[in-house]
Amino acid sequence: MALPFNTEKIIYRRDLQPADRPHIYEIVISTDFFSKEEIDIAIELVDERLSKGSRSGYLFLFAEYAGQVIGYTCYGRIAGTVGSFDVYWIAVHRLFQGNGIGKSLLQKTEQLIMKEGGRRFYIETSSRDQYKNTRLFYLSFGFRQDAFMKDFYAPEDGKIVYVKNIP
């Protein structure tokens, strides 16, 4: 159940700080969506950015409320492309879901990608029923399905790739 709060008091920031690592862990754990391996990957991206800085290729956007990180995106330019970006992670703490934070994070991420010269951005997810609302969210945001890879993650668990062209 979402906590009621004033969304106008959300602060967005881009700089990743070492103190964000446990916050990201808590956010992805709270969703009850991700496997241990997926959670480890989310933390690896944080560690990569912290150790290599901008050379890592990973960029972050955080949503904070009352000094607490409540959601984030991790995205980056796709190497070897002209203007293509991946959104690797978008997650909102379970207690704050349903308040438009995910939509706001994705909109702000799109704006940042545009400023970086992005022309399109990609996001992927699982074909499992568990991810139905995630897929509907992406479609409602103007993404279109661009690829489906059957049994990609596991038998009966395909990978769906969505793309959105940036005007």
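Determine, yes or no, whether residue 66 is on the phi > 0 side of the Ramachandran plot, of a type outside the set (Val, Ile, Thr) and modelled with pLDDT under 95.
Values: on the phi > 0 side of the Ramachandran plot: yes; of a type outside the set (Val, Ile, Thr): yes; modelled with pLDDT under 95: yes.
For residue 66, the condition - on the phi > 0 side of the Ramachandran plot, of a type outside the set (Val, Ile, Thr) and modelled with pLDDT under 95 - is met.
Being of a type in the set (D, E, K, R), farther than 18 Å from residue 74 by Cβ, outside the structural domain of residue 75 (by TED's automatic domain parsing) and outside any helix (DSSP H, G or I), is that true of even one residue in the range 129-139? Talk me through it step by step, then tell me what you get.
Step one: of the range 129-139, the residues of a type in the set (D, E, K, R) are 129, 132, 135.
Imposing the further condition that a residue be farther than 18 Å from residue 74 by Cβ reduces the set to 129, 132, 135.
If we keep only those that are outside the structural domain of residue 75 (by TED's automatic domain parsing) too, we end up with 129, 132, 135.
Keeping just the survivors that are outside any helix (DSSP H, G or I) gives none.
There is no residue in the range 129-139 that is of a type in the set (D, E, K, R), farther than 18 Å from residue 74 by Cβ, outside the structural domain of residue 75 (by TED's automatic domain parsing) and outside any helix (DSSP H, G or I).
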Original post:
Taking the condition farther than 18 Å from residue 161 by Cβ and in a helix (DSSP H, G or I), does residue 106 pass?
Top reply: no
**OP:** Give me a count of the residues in the range 97-125 that are within 30 Å of residue 154 (Cβ to Cβ), over 14 Å from the mean Cα position of the chain (by Cα) and at pLDDT below 95.
**Re:** 1
Original post:
Based on what the data block shows, is residue 98 in a strand (DSSP E or B), out of contact with any Leu (no Cβ under 8 Å at 6 or more places or on another chain) and over 18 Å from residue 75 (Cα atoms)?
Top reply: no
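Yes or no: the range 146-166 includes at least one residue that is in a loop (DSSP other than H, G, I, E, B) and more than 23 Å from residue 32 (Cβ to Cβ). Quick ask: steps written out before the conclusion?
We begin by selecting, within the range 146-166, every residue in a loop (DSSP other than H, G, I, E, B); these are 155-156, 166.
Filter once more, so that each one left must be more than 23 Å from residue 32 (Cβ to Cβ): 166.
Within the range 146-166, one or more residues are in a loop (DSSP other than H, G, I, E, B) and more than 23 Å from residue 32 (Cβ to Cβ).
Listed here are the residues, each with its yes/no results for (1) within 23 Å of residue 127 (Cα to Cα); (2) surrounded by 13 or more Cβ atoms within 10 Å (Cβ to Cβ); (3) of a type in the set (Lys, Arg).
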position: 20; (1), (2), (3): no, yes, no
position: 34; (1), (2), (3): yes, yes, no
position: 37; (1), (2), (3): yes, no, no
position: 79; (1), (2), (3): no, no, no
Subject >> Positions within the range 44-79 being more than 27 Å from residue 117 (Cβ to Cβ), among the aliphatic types (A, V, I, L, M) and more than 13 Å from the chain's Cα centre (by Cα), in sequence order >> reply: 66, 69
Subject >> Members of the range 1-34 that are assigned to a loop (DSSP other than H, G, I, E, B) and within 22 Å of residue 76 (Cβ to Cβ) >> reply: 14, 15, 16, 17, 18, 19, 31, 33, 34
Original post:
Within the range 84-95, which residues are in contact (Cβ under 8 Å) with a residue 60 or more places away in the chain and either in a helix (DSSP H, G or I) or β-branched (Val, Ile, Thr) (or both)?
Top reply: 92, 94, 95
Original post:
Which members of the range 17-63 meet the condition of being at positive phi and touching a strand residue (DSSP E or B) at 6+ places or on another chain (Cβ under 7 Å)?
Top reply: 57
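The values are calculated or read from the model by the stated rules, or taken from the named source; none is laboratory data. In this text, all values refer to a predicted model and were calculated from it rather than measured experimentally. With ideal geometry, Cβ positions are generated from the backbone for all residues, glycine too; neighbour counts draw on all protein chains shown.
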